[in-house]
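Working notes for the structure below.
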Amino acid sequence: MKYAYYPGCSLQESAREFDVSVRAVMAALGVELVDIPDWTCCGASAAEPVSALMNYALPARNLALAERDLAGLDVLAPCSACYLNLLKVNREVVGHKELHARVNEALGAVDLNYRGTVGVRHILDVLVNDIGLDAVKEKVAVDMGGMRVAPYYGCQILRPYEVFDDPRKPMTMDNVLSALGAKPQPWDVGNKCCGASLMVTHPEVAMHSVAAILEAAEGVDAVATVCPLCQMNLEAYQHDAAAGGHYVPILYLTQLMGLAFGLEEPSVRLNTNMSMDGSMRAGIRSRAWRHEPPGEGDETLAREI
């Protein structure tokens, strides 16, 4: 199994632990990732207000490179925003004769042309529909022992394009967590917005969203996410938003997968998560939630440490 890999900017800087853990987990599952040569920023959420054409041309350039240099491979984009931007090209540009021509005219300045033949895949899609949950289970070396994990999908994976899961009640991450031996926490905010980049422009609005999500995470051992911006908002602003003093590790799904696969902590960069101090890392390493005294099953790792 082989994919053209598009890490995106965040995974090279603020979300390095996501990139490292994705590569480690995919290697453990026998999946080959080939970086798209000379890839560049997809535009994130900043390009669209500046230029409608740039909004499409930036992600189209990366797909054109994959189409030319890694023909026949789907593009795997772990970052939710990158996935959305790349997918947007296939959904809104390809098949739209005039817009497609304008985008290719822009790409022509760097001797590129995008025909629209590259599939764009999210990591949850690949894990569930290509690799399969049985293959994930087979790789589990250290059962998560019923670790209570709240699956946080965020708002960009399945909106506005419903591709591999139900945006109203997504279950793909829940199913992967169950395959690891964890216990997905039922909650109704897993697909709600964390405030995204409003944390920069209107922090009071974003902080309200973060606080609501963290409050809903009461009683879990960790929150799992697959979005760098969601992870940053929930983790970096946790102390400001958690007025009640409830703190919880905010981990990437692939970090949890790596731990379940028996990979060493450096392989998933657990030490780089801001919410993970030494005590919390020790608690996760020892599966602290498995050693709770009788009658205290509702106490969480976050409360204990």
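Here are some notes:
- Test: Val210 is touching a Gly at 6+ places or on another chain (Cβ under 9 Å), more than 30 Å from Gly30 (Cβ to Cβ), at pLDDT 80 or above and assigned by TED's automatic domain parsing to the domain that holds Met147: yes
- Gly190 fulfils the conditions (1) in contact with a helix residue (DSSP H, G or I) (Cβ under 7 Å, 6 or more places away or on another chain); (2) crowded, with 21+ Cβ neighbours inside 10 Å; (3) farther than 18 Å from Asn273 by Cα; (4) not polar (S, T, N, Q) except for a single criterion, (1).
- Residue match in the stretch 176-189 (condition: part of a helix (DSSP H, G or I), touching a Leu at 6+ places or on another chain (Cβ under 6 Å), in contact (Cβ under 8 Å) with a residue 40 or more places away in the chain and within 20 Å of Ile284 (Cβ to Cβ)): yes
- Any hit, the stretch 54-64, residues being of a type outside the set (Lys, Arg), at pLDDT below 95 and closer than 19 Å to Val103 by Cβ: yes
- Residues in the stretch 75-112 that are free of Cβ contacts under 8 Å to residues at least 12 places away in the same chain and of a type in the set (Asp, Glu): Glu98, Glu105, Asp111.
- Qualifying residue in the stretch 285-294 (condition: within 25 Å of Val140 (Cα to Cα), touching a helix residue (DSSP H, G or I) at 6+ places or on another chain (Cβ under 7 Å), outside the structural domain of Ser80 (by TED's automatic domain parsing) and modelled with pLDDT under 80): yes
- Here Lys139 meets each of (1) in contact with a Pro (Cβ under 9 Å, 6 or more places away or on another chain); (2) at pLDDT 95 or above with one exception, condition (1).
- Residue list for the stretch 111-120, filter: crowded, with 24+ Cβ neighbours inside 10 Å and within 30 Å of Thr172 (Cα to Cα): Val118, Val120
- Each residue in the stretch 101-136 was checked for being closer than 29 Å to Met26 by Cβ, more than 20 Å from the chain's Cα centre (by Cα) and assigned to a loop (DSSP other than H, G, I, E, B), and 6 pass.
- Within the stretch 1-26, the set of residues being aliphatic (A, V, I, L, M) and either in contact (Cβ under 8 Å) with a residue 60 or more places away in the chain or farther than 14 Å from Leu76 by Cα (or both) comprises Met1, Ala4, Leu11, Ala15, Val20, Val22, Ala24, Val25.
Let's see how each residue does on (1) in a helix (DSSP H, G or I); (2) at positive phi; (3) surrounded by 15 or more Cβ atoms within 10 Å (Cβ to Cβ):
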{"site": "Pro37", "(1), (2), (3)": "no, no, no"}
{"site": "Ala44", "(1), (2), (3)": "no, yes, yes"}
{"site": "Leu58", "(1), (2), (3)": "yes, no, yes"}
{"site": "Leu63", "(1), (2), (3)": "yes, no, yes"}
{"site": "Ala66", "(1), (2), (3)": "yes, no, yes"}
{"site": "Leu73", "(1), (2), (3)": "no, no, yes"}
{"site": "Cys82", "(1), (2), (3)": "yes, no, yes"}
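- Condition met for Gln238 (within 17 Å of the chain's Cα centre (by Cα) and either within 24 Å of Glu138 (Cβ to Cβ) or modelled with pLDDT of 75 or more (or both)): no
The values are calculated or read from the model by the stated rules, or taken from the named source; none is laboratory data. The structure presented is a predicted model; accordingly, all values stated were derived computationally and were not measured. Cβ: placed from backbone, ideal geometry, glycine included. Neighbour counts: every protein chain shown.
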